[in-house]
Amino acid sequence: MPLSKQELKEIETTLVKLLREEIGPIVKTHTGTNFSSYDDKANEVDLVTVVDKQVEAIIKKELNAKYPNFKFIGEESYVVGETKITADPTFIVDPIDGTTNFIHGYPYSCTSLGLAENGKPVVGAVYNPHLDQLFHGSKGNGAYLNEKKIDVKKRPLTLQKSVVGLEGGAERTEGPDGNFDKKMATYKNLLSDKGGYVHGFRSVGSAAMNMCYVAAGMLDSYWEGGCWAWDVCAGWCILEEAGGRMVGGNKDEWQIPVDRRCYFAIRGGCGEEEQTAYVKSFWSQVEGRLEY
Amino acid sequence: MTPSDLLSIEKFVCDLATNKVGPIIKSKSGTQQTYDLKTGSRKVDIVTVIDKQVEKLIWGELRAEYPDFKFIGEESYMKGVTRITEEPTFIVDPIDGTTNFVHDFPFSCTSIGLTVDKVPVMGVIYNPHLDLLISASKGNGVRINGKDFDYKEKIEGMGPLILNKSVVALQPGSAREGNNFKCKLATFENLLACDGGFIHGFRNLGSSAMTMAYIAMGYLDCYWDGGCYSWDVCAGWCILNETGGRVVGANQSEWDIGVDNRTYLAVRGTKIGSEEDQTKYIEDFWGCVKGKLEYD
């Protein structure tokens, strides 16, 4: 039996409370104070802090106590090649999304708490304590920014007149087969007057925040490769509840699993056919295929 | 003008920005689905009727209070005709980040600066979406939402200013063809690449004024851009200067530039005793610029 609408709402409320009362204050007080104490992860630009690990431990303990039968996947405890997302209800958690922001004190770090069931995001809560923006939602129950229901105003969606979330990411090795070159070439295509000629791109440095901004209609779309299930799981649910849609970052990937690592999120506020046309015109600007 | 004269102007402009301008920007953000392209401009260079209305409002209020000051605004600017003189001159962007404003991305703001002898001496930036007011005047330091900002303490808590440990604000702007576009994208790529600047990351807020405010607040390390105008940077320039930050040109060796230089590299302040880090940072950054940004 899948979780009912009421059960999902109750989990959402639990996550919101946990973020607002416990986690948010920790993230807020420690930002920009740990510059010298980060250790290098994959390379010098992927920064992990002590606080990151502490916060994940608190979240895991609280959620295990309240939902002992649910599985838990967190950024800090994830093991590449071993950790798998099953059909069981599974919390998918990023204790601090936007670690570089967190280290530098740029006010776009947040905590992202998602729940997947049968491999699909069904609850999401993302909290940026610096700007006091808490986005949350659960399947069938709508999406909210703080206490206000997200209602993306009806308006046309076309590639040229859109603002797109794009990030540099941590993978920076140049070469024709690498993802870095493909990303840069795609950005150029999107911006160029001979390509997409989009209104602009924006980078806030946090995948979860980008997802939520698309959900709220502040961005028209967000294209990304290289991030993980915990970066997008919560935002994905919020996005869908606000009428948005998630597909793959590469051409013709209409259906993707949560851990695809390459995503394209599109806002609501327009019809499904308009979204489909937008996705196709966007994909036509993507140079090559991103591979992870 | 004395510091206390400037402080009283700053206070007046803060009230204007928060009480009269902010509410309009906030309530109209994301509601303007019809907009114009700037005369003779590109498809991505947009302006709304609200930009023009807000500029009129600001101009009217400032003229009533300071009848002898000159006024330069984005919407009333005439290429080749409007010039910045030595006289006290308000330099105003009624809505900086017009694309943000149209799309409801919460980084549109109003930016009101003042120059005397062509030097920025007062600046006020207000973002009503985040309710963030940042203001400064020469010799008086910086205030955030009216409260004195201890930038020295902030900078003490930050890491050293080094290119490959920095977060850089970059914006492609509206020129999407030709040499400047090419130079920008090649430079962005070179800054990110592990064999180039290998910076921690870039951020793009879509508003020059907000970006400069964020540098002054210690959120970002620097901002590199070309194609913007004096009204995009004037207020932020004064605010940044008051926190030990520095504005130079975007191209190699442009150490001394005017407010209307059209290319800028804005860099944050450093700890006391580490001032040479800033100079080195600027030189290292220029070393990553591929080509040259040029505007007429």
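Listed here are the residues, each with its yes/no results for (1) buried (at least 19 other Cβ atoms within 10 Å of the Cβ); (2) among the aliphatic types (A, V, I, L, M); (3) closer than 15 Å to B:Ile9 by Cβ.
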{"position": "B:Met122", "(1), (2), (3)": "yes, yes, yes"}
{"position": "B:Ile144", "(1), (2), (3)": "no, yes, no"}
{"position": "B:Tyr151", "(1), (2), (3)": "yes, no, no"}
{"position": "B:Lys154", "(1), (2), (3)": "no, no, no"}
{"position": "B:Gly159", "(1), (2), (3)": "no, no, no"}
{"position": "B:Leu163", "(1), (2), (3)": "yes, yes, no"}
**Prompt:** Take the residues of the range B:166-188 that are without any contact (Cβ under 8 Å) to a residue 40 or more places away in the chain and at the interface with chain A (Cβ under 8 Å from one of its Cβ atoms): which is surrounded by the fewest Cβ atoms within 10 Å (Cβ to Cβ)?
**Reply:** B:Glu177
**Prompt:** Hey, among B:Lys118, B:Lys165, B:Lys182, B:Lys154, which residue is of a type in the set (Lys, Arg) and farther than 30 Å from B:Ser274 by Cβ?
**Reply:** B:Lys182
**Request:** Could you tell me whether B:Leu240 is part of a helix (DSSP H, G or I) and either over 30 Å from B:Phe71 (Cα atoms) or among the acidic types (Asp, Glu) (or both)?
**Result:** no
**Asked** Do you know which residues across the range B:62-81 are touching a strand residue (DSSP E or B) at 6+ places or on another chain (Cβ under 9 Å), in a loop (DSSP other than H, G, I, E, B) and farther than 22 Å from B:Gly97 by Cα?
**Response** B:Tyr66, B:Phe69
**Request:** Would you be able to tell me the number of residues in the range B:189-198 that are within 8 Å of chain A (Cβ to nearest Cβ) and surrounded by 20 or more Cβ atoms within 10 Å (Cβ to Cβ)?
**Result:** 2
**Message:** Take residues that are over 23 Å from A:Asn101 (Cα atoms) and tell me which of the strands (runs of 3 or more DSSP E) falling wholly in the range B:100-196 contain 3 or more.
**Reply:** B:109-116, B:119-127, B:132-137
**Complete:** Within the range A:65-92, residues surrounded by 14 or more Cβ atoms within 10 Å (Cβ to Cβ) and closer than 17 Å to A:Gly124 by Cα come out as A:Tyr67, A:Phe70, A:Lys71, A:Phe72, A:Ile73, A:Gly74, A:Glu75, A:Ile85, A:Pro89, A:Thr90, A:Phe91, A:Ile92
**Complete:** Scanning the range A:218-240 residue by residue, those surrounded by 23 or more Cβ atoms within 10 Å (Cβ to Cβ) and out of contact with any helix residue (DSSP H, G or I) (no Cβ under 8 Å at 6 or more places or on another chain) turn out to be A:Ala229, A:Trp230, A:Cys233, A:Cys237
**Asked** Looking at the range B:89-138, which of its residues are away from chain A (no Cβ under 14 Å), more than 30 Å from B:Thr34 (Cα to Cα) and of a type outside the set (S, T, N, Q)?
**Response** B:Leu114, B:Val116, B:Asp117, B:Lys118, B:Val119, B:Pro120, B:Val121, B:Met122, B:Gly123, B:Ala136, B:Lys138
**Message:** Going through A:Trp228, A:Trp223 one at a time, which residue ends up being away from chain B (no Cβ under 13 Å) and either in contact with a Gly (Cβ under 8 Å, 6 or more places away or on another chain) or closer than 17 Å to B:Gly206 by Cβ (or both)?
**Reply:** A:Trp223
**Complete:** Counting only residues that are touching a Gly at 6+ places or on another chain (Cβ under 8 Å) and closer than 23 Å to A:Val163 by Cβ, the range B:205-232 contains a total of 16
**Message:** When the residues of the range A:103-133 are narrowed to those that are of a type in the set (Phe, Trp, Tyr) and under 16 Å from the mean Cα position of the chain (by Cα), which ends up nearest to B:Leu130 (Cα to Cα)?
**Reply:** A:Tyr108
**Request:** Could you tell me whether A:Leu131 is more than 9 Å from chain B (Cβ to nearest Cβ), closer than 22 Å to B:Gln171 by Cβ, assigned to a loop (DSSP other than H, G, I, E, B) and not charged (D, E, K, R)?
**Result:** no
**Prompt:** Here is a list of conditions, (1) assigned to a loop (DSSP other than H, G, I, E, B); (2) surrounded by 24 or more Cβ atoms within 10 Å (Cβ to Cβ), and A:Gln255 meets all of them except one; can you say which number that is?
**Reply:** (2)
**Request:** Would you check if there is a residue in the range A:271-287 being closer than 30 Å to B:His129 by Cα, crowded, with 21+ Cβ neighbours inside 10 Å, under 12 Å from the mean Cα position of the chain (by Cα) and of a type in the set (Phe, Trp, Tyr)?
**Result:** no
**Message:** Going residue by residue through the range A:154-173, is there one that turns out to be surrounded by fewer than 18 Cβ atoms within 10 Å (Cβ to Cβ), at positive phi and more than 10 Å from chain B (Cβ to nearest Cβ)?
**Reply:** no
**Message:** Tell me whether the range B:17-40 contains one or more residues that are closer than 15 Å to B:Ile91 by Cα, in a helix (DSSP H, G or I) and touching a strand residue (DSSP E or B) at 6+ places or on another chain (Cβ under 9 Å).
**Reply:** yes
**Message:** Looking at the range B:70-127 only, could you name the residues that are of a type in the set (D, E, K, R) and within 21 Å of B:Ile46 (Cβ to Cβ)?
**Reply:** B:Glu74, B:Glu75, B:Lys79, B:Asp93, B:Asp96, B:Asp104
**Message:** For the range B:76-87, check the following and say yes or no: at least one residue is crowded, with 18+ Cβ neighbours inside 10 Å, in contact (Cβ under 8 Å) with a residue 24 or more places away in the chain and outside the structural domain of B:Glu177 (by TED's automatic domain parsing).
**Reply:** no
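Could you identify the single residue in B:Lys38, B:Lys56, B:Lys70 that is farther than 21 Å from B:Asp260 by Cβ and basic (Lys, Arg)?
Only one candidate qualifies: B:Lys56.
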**Asked** Quick check: is even one residue across the range B:41-59 within 14 Å of another protein chain (Cβ to nearest Cβ) and either of a type in the set (Ser, Thr, Tyr) or under 19 Å from B:Gly123 (Cα atoms) (or both)?
**Response** yes
**Request:** For the range A:175-219, name all the residues that are assigned to a loop (DSSP other than H, G, I, E, B) and more than 7 Å from chain B (Cβ to nearest Cβ).
**Result:** A:Gly175, A:Pro176, A:Asp177, A:Gly178, A:Lys194, A:Gly195, A:Gly196, A:Val198, A:Ser206, A:Ala216
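The values are calculated or read from the model by the stated rules, or taken from the named source; none is laboratory data. What you see is a predicted model; the values in this text were computed from it and never measured. Glycine gets a Cβ as well: all are built from the backbone with ideal geometry, and neighbour counts include every protein chain shown.
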